[in-house]
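Engineer: I am attaching a structure below and will ask some questions about it afterwards.
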Amino acid sequence: MVVLITGATGLIGRKICTELVREGVEVRYFSRHPSPSAILGAKGFEWNPDQFTFDEKAMDGVTHVINLAGATIAKRWTASYKKQVLFSRINSLKTLEMALEKSKNPSIRILSASAIGVYKSDLHLTHDEHSTAYGDGFLTEVVQQWEAQAQRLSDKGHALSLVRIGIVLDSIQGALPKLVLPVRFGIGASLGSGKQWQSWIHSEDLARLFVYLLTHDLGPVINAVAPHPVVQKELLREVANILKRPFFLPSIPSWVLKMVLGEMSAVVLESQNVRSTLLESSDFQFKFKAIRPALSHLLKR
Ligand SMILES: NC(=O)c1ccc[n+]([C@@H]2O[C@H](COP(=O)([O-])OP(=O)(O)OC[C@H]3O[C@@H](n4cnc5c(N)ncnc54)[C@H](OP(=O)(O)O)[C@@H]3O)[C@@H](O)[C@H]2O)c1
C-alpha cells in the first residue's frame, strides 16, 4: 500500500500519517511548503493547487489517496476569504485529478474529506448518511461544491468515499482548545441557546477511522462522528466538571455572537444531530463513544 495525502500537515492529516507510519505503510504527501522534517516517516512533495502544479514523482506506485486540503473555516468570513475557503478545496481536487491522470493505476481508493456542515441545521432532525435535508448557508454551499468536484474522481473510475467529518475534538488544535479557554478562566458560558447538537469525534478515532476506510469500502458517503452526539451546553458542562471550574453564567445570546463573529457564528450556533449508521454497523471500534471519556482523555494530560 502506498498512500498519498493532501493537507497532511494539518490537524487530521498529521494524526493519520502517524497511524500509517506506525503500521509500516509508505506515506507520501502533497504540501505547498514540504520540508524534510515536517512529518516523521512520510515523504513530502511540493504542489501548488492555485497554479495546478504538482511534483509528478509523488504519483509513482500510489494505491490509495486521502484528500484533506483546504483553507481553514476558522477565520473571519470576509467575501474574499469565503472565496479562498471554496477555491482552495476545488483547486486542490482539480490538481489531484490531474495528478491521478499521471498515475498508471486506473482504480485508486480515494477518501475525500467533507463535513457534516452540509446538513440542515435543526434542533429536532437526525441525519444519517441517507439524509437529503441540506442547509442553505455558506457551509452547505462549500461542501456541496467540494463533494461534486470529488465526485469527478469517481466518474473517472476511482473508488471514492466522501467522509463527512464532525467536530474534531483534539487537545491542541481545532475547536476544543477555543471552547475550553473561557471555562479554564471560570467564565464558561454556552453559546446561543446551548441546545444546538454537536456531533463530535475524537481526533484519535478519526485518524484510526481513515486508516480503516482505506481497506473497508462502506459506501460513497460516511458520516465520521462518534455514536453519541451531545448538545452544546452538556459538552461545556462536562468540560467544566472535568476541569473543576464553575459553569453558571448565562448563555451568550446568538445576536452577540453574530455581531462579534459575523456569518462565521454559524460554526458555533448551527445544530446538526448526525448518526454514523454505516460505522456503527461495521466492525470499526470507536475508542471514544461518549463525550465524558473523550473529554477526560483530552483534557487530563
Ligand atoms: N477539524 C475539523 O473539525 C473538521 C471538521 C470537518 C471537516 N474538516 C475538513 O477536513 C480537512 C482537514 O481538516 P484539518 O482540521 O486537518 O485542517 P487544517 O489543520 O486546517 O489543515 C488543512 C491543510 O490544508 C492545506 N491548506 C491550507 N490552506 C490551503 C490552501 N489555501 N490551499 C491548499 N491547501 C491548503 C494545508 O496543507 P499545506 O500547508 O501543507 O499545503 C493544511 O495543513 C479540511 O478540509 C477541513 O475542512 C475538518
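Engineer: Hey, any hits in region 212-232 for a residue that's in contact (Cβ under 8 Å) with a residue 40 or more places away in the chain, aromatic (Phe, Trp, Tyr) and closer than 18 Å to SER114 by Cβ?
Structural biologist: Yes: one or more hits.
Engineer: Looking only at residues in region 132-166 that are in contact (Cβ under 8 Å) with a residue 40 or more places away in the chain and assigned to a loop (DSSP other than H, G, I, E, B), which one is nearest to LEU68 (Cα to Cα)?
Structural biologist: Looking at residues that are in contact (Cβ under 8 Å) with a residue 40 or more places away in the chain and assigned to a loop (DSSP other than H, G, I, E, B), I get GLY166.
Engineer: Within region 97-136, which residues are under 27 Å from THR6 (Cα atoms), of a type in the set (Gly, Ala, Ser) and surrounded by fewer than 15 Cβ atoms within 10 Å (Cβ to Cβ)?
Structural biologist: SER107
Engineer: Just the residues that are assigned to a loop (DSSP other than H, G, I, E, B) and within 16 Å of the ligand (Cβ to nearest atom), please, taken from region 167-187.
Structural biologist: Looking only at region 167-187, we keep the residues that are assigned to a loop (DSSP other than H, G, I, E, B), and these are 170-174, 185-187.
Across region 167-187, the qualifying residues are ASP170, SER171, ILE172, GLN173, GLY174.
Engineer: Can you find a residue that is surrounded by fewer than 22 Cβ atoms within 10 Å (Cβ to Cβ), within 13 Å of the ligand (Cβ to nearest atom) and assigned to a loop (DSSP other than H, G, I, E, B) anywhere in region 11-32?
Structural biologist: Taking every residue of region 11-32 in turn, at least one turns out to be surrounded by fewer than 22 Cβ atoms within 10 Å (Cβ to Cβ), within 13 Å of the ligand (Cβ to nearest atom) and assigned to a loop (DSSP other than H, G, I, E, B).
Engineer: Oh, and also: When residues of region 76-89 are filtered for being under 18 Å from the mean Cα position of the chain (by Cα) and more than 10 Å from the ligand (Cβ to nearest atom), how many remain? Walk me through how you get there before you give the answer.
Structural biologist: From region 76-89, those under 18 Å from the mean Cα position of the chain (by Cα) are 82, 84-89; that's our starting set.
Checking which are more than 10 Å from the ligand (Cβ to nearest atom) leaves us with 82, 86.
Number of matching residues: 2.
Engineer: Checking ILE201 against (1) closer than 17 Å to LYS233 by Cβ; (2) surrounded by 22 or more Cβ atoms within 10 Å (Cβ to Cβ), only one condition comes out false. Which one?
Structural biologist: Condition not satisfied by ILE201: (1).
Engineer: When only residues in region 49-74 that are crowded, with 17+ Cβ neighbours inside 10 Å and more than 16 Å from the ligand (Cβ to nearest atom) count, which is nearest to LEU162 (Cα to Cα)?
Structural biologist: Going through the qualifying residues, I end up with HIS64.
Engineer: Out of region 255-301, which residues are assigned to a helix (DSSP H, G or I) and among the basic types (Lys, Arg)?
Structural biologist: Hits for region 255-301 are LYS258, ARG292.
Engineer: What number goes with the only condition from (1) surrounded by 17 or more Cβ atoms within 10 Å (Cβ to Cβ); (2) touching a Lys or Arg at 6+ places or on another chain (Cβ under 7 Å); (3) not in a loop (DSSP other than H, G, I, E, B) that PHE247 does not pass?
Structural biologist: For PHE247, the exception is condition (3).
Engineer: Where the second residue is aromatic (Phe, Trp, Tyr) and the first is under 15 Å from LEU249 (Cα atoms) and lies in region 178-197, which pairs have Cβ atoms under 7 Å and are six or more apart or on separate chains?
Structural biologist: Correct list of pairs: VAL183/PHE247; GLY188/PHE247.
Engineer: Which members of region 103-150 meet the condition of being within 16 Å of the ligand (Cβ to nearest atom) and farther than 20 Å from ILE12 by Cβ?
Structural biologist: SER121, HIS127, TYR134, GLY135, GLY137, PHE138, THR140, GLU141, GLN144, GLN145, ALA148
Engineer: Further, regarding this structure: Keeping to region 33-46, report how many residues are in contact with a Pro (Cβ under 9 Å, 6 or more places away or on another chain) and either crowded, with 20+ Cβ neighbours inside 10 Å or hydroxyl-bearing (Ser, Thr, Tyr) (or both).
Structural biologist: 1
Just so you know, all these numbers are worked out from the coordinates, no wet-lab data involved. Keep in mind the model is a prediction, meaning the values are calculated, not measured. Using ideal geometry, Cβ is built from the backbone for each residue, glycine included, and neighbour counts are taken over all protein chains shown.
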